[in-house]
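Take a look at the structure set out below.
The values are calculated or read from the model by the stated rules, or taken from the named source; none is laboratory data. Please read these numbers as outputs of a predicted model, since none were measured by experiment. Neighbour counts run over all protein chains shown; Cβ positions are idealised from the backbone, glycine included.
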Ligand SMILES: [Zn+2]
Ligand SMILES: [Zn+2]
């Protein structure tokens with residue numbers, strides 16, 4: 001079938017009558033100019049962050065398109081991907097890092113194959129009532145932690161540990177959300193070696209002195225629950241290699257030193273690096289800018305990080321841009337953070353930095369308990385209590401969530 005060609009026909013017949021040309025009036029010119037300006041403004045407004053900054057008088061990131069519990073998710077939310085579940089050989093695991101969901105706080109368990117176990121922090125900020133964050137600061141014995149939270153945590157430990165011994169305990173710093181379940185741990189388990197800082201005056205109100213007294217007295221008494229205590233950072237910034245060259249695992253504990261002034265317990269945070277089977281992990285505690293700077297000045301191992309435990313629950317006083325940029329790559333990130341935490345953690349600028357770095361991000365407030373596995377062959381994967389989408393996978397890396 002032949003397509004009919006439609007052509008516009010000039011009306012036939014009749015001669016064209018020439019209309020006299022009208023000069024464009026001044027008002028016409030004004031209307032055209034205004035229309036052009038409005039069109040330009042709309043086009044620029046839609047496409048330019050800079051223009052938005054002009055309108056909002058601040059950083060373009062402040063323009064929030066989606067909020068979640070008061071957290072702006074402008075830049076990373078559109079890049080969620082539903083986690084594709086992967087098959088993973090859990091029989092040949094050489095390294096497990098458990099990020100235990102304790103609401104707002106840090107509580108990690110590291111298992112080095114069948115050989116050694118390490119606990120890094122044992123804290124929580126407690127429960128939340130009416131959407132309000134409650135600070136459960138330390139009192140002797142950690143009695144202010146709600147028993148339900150403590151029981152859940154202790155049950156998690158007992159179901160993931162054989163026996164009642166833990167080889168290493170790393171106390172990153174003496175803030176309540178990192179230590180206030182520690183007493184129960186020390187009373188329940190025997191500890192081989194404690195790594196902590198012994199800074200004398202920082203944050204004693206939240207238990208630093210009590211913590212160290214407790215550790216010291218346990219370490220000193222015959223038959224006590226703590227074998228020995230090693231203070232990290234006492235004589236300035238340093239790394240302690242705790243397994244030695246013969247081990248399959250390279251584990252360094254970094255202390256930034258005791259020299260920071262003011263309320264700076266976060267900058268006392270010990271940071272832990274773990275290398276195994278070609279994989280590299282950095283657990284950054286609550287280190288803020290000063291500690292990050294000290295770390296960068298001393299760090300000499302590889303700069304491709306497979307997993308970053310984001311510092312300070314994603315606070316904007318940490319994870320400075322130069323720290324993120326210091327590494328050649330950051331494959332995956334875990335943020336330990338409570339729902340409705342009252343601090344708006346994780347902070348939008350930090351999430352945006354992780355987004356730009358393409359660091360596929362897991363969060364305890366969304367994924368619940370998160371376990372990172374490294375196989376003996378260097379394969380890796382995550383097991384999440386709640387298999388919900390990951391964030392910040394702007395470079396298209398797989399979520400590596402294990403079925
Ligand atoms: Zn802290
Ligand atoms: Zn903290």
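The figures follow:
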| quantity | calculated |
| --- | --- |
| Segment 244-259, residues that are in contact (Cβ under 8 Å) with a residue 40 or more places away in the chain, part of a loop (DSSP other than H, G, I, E, B) and surrounded by 15 or more Cβ atoms within 10 Å (Cβ to Cβ) | 249, 258 |
| Total residues in segment 69-101, condition part of a strand (DSSP E or B), modelled with pLDDT under 80 and in contact with a helix residue (DSSP H, G or I) (Cβ under 8 Å, 6 or more places away or on another chain) | 2 |
| Count of residues meeting criterion [in a loop (DSSP other than H, G, I, E, B), in contact with a helix residue (DSSP H, G or I) (Cβ under 8 Å, 6 or more places away or on another chain) and in contact (Cβ under 8 Å) with a residue 60 or more places away in the chain] in segment 353-403 | 7 |
| Index of the failed condition, residue 282 passing every other in (1) loosely packed, with under 14 Cβ neighbours inside 10 Å; (2) at pLDDT 95 or above | (1) |
| Per-region count, segment 214-241, residues at negative phi, free of Cβ contacts under 8 Å to residues at least 60 places away in the same chain and assigned to a loop (DSSP other than H, G, I, E, B) | 7 |
| Single condition residue 228 does not satisfy, out of (1) over 24 Å from residue 114 (Cβ atoms); (2) in contact with a helix residue (DSSP H, G or I) (Cβ under 9 Å, 6 or more places away or on another chain) | (1) |
| Segment 150-174 - residue that is surrounded by 17 or more Cβ atoms within 10 Å (Cβ to Cβ) and in contact (Cβ under 8 Å) with a residue 60 or more places away in the chain and, of those, nearest to residue 111 (Cα to Cα) | 168 |
| Among (1) at pLDDT 95 or above; (2) out of contact with any strand residue (DSSP E or B) (no Cβ under 7 Å at 6 or more places or on another chain); (3) within 16 Å of ligand 2 (Cβ to nearest atom) - the single one residue 170 does not satisfy | (2) |
| Residues being within 15 Å of residue 266 (Cβ to Cβ), assigned to a loop (DSSP other than H, G, I, E, B) and out of contact with any helix residue (DSSP H, G or I) (no Cβ under 8 Å at 6 or more places or on another chain) - total across segment 162-200 | 0 |
| Test: residue in segment 122-132 that is away from ligand 2 (no atom under 16 Å from the Cβ), in the same structural domain as residue 216 (by TED's automatic domain parsing), closer than 22 Å to residue 233 by Cβ and modelled with pLDDT of 90 or more | no |
| Complete set of residues in segment 102-117 that are touching a strand residue (DSSP E or B) at 6+ places or on another chain (Cβ under 7 Å), part of a loop (DSSP other than H, G, I, E, B) and under 13 Å from residue 376 (Cα atoms) | 113 |
| Condition broken by residue 195, with the remaining ones in (1) modelled with pLDDT under 80; (2) closer than 22 Å to residue 240 by Cα satisfied | (1) |
| Unique residue being touching a helix residue (DSSP H, G or I) at 6+ places or on another chain (Cβ under 9 Å) and closer than 27 Å to residue 113 by Cβ when the list is 257, 285 | 285 |
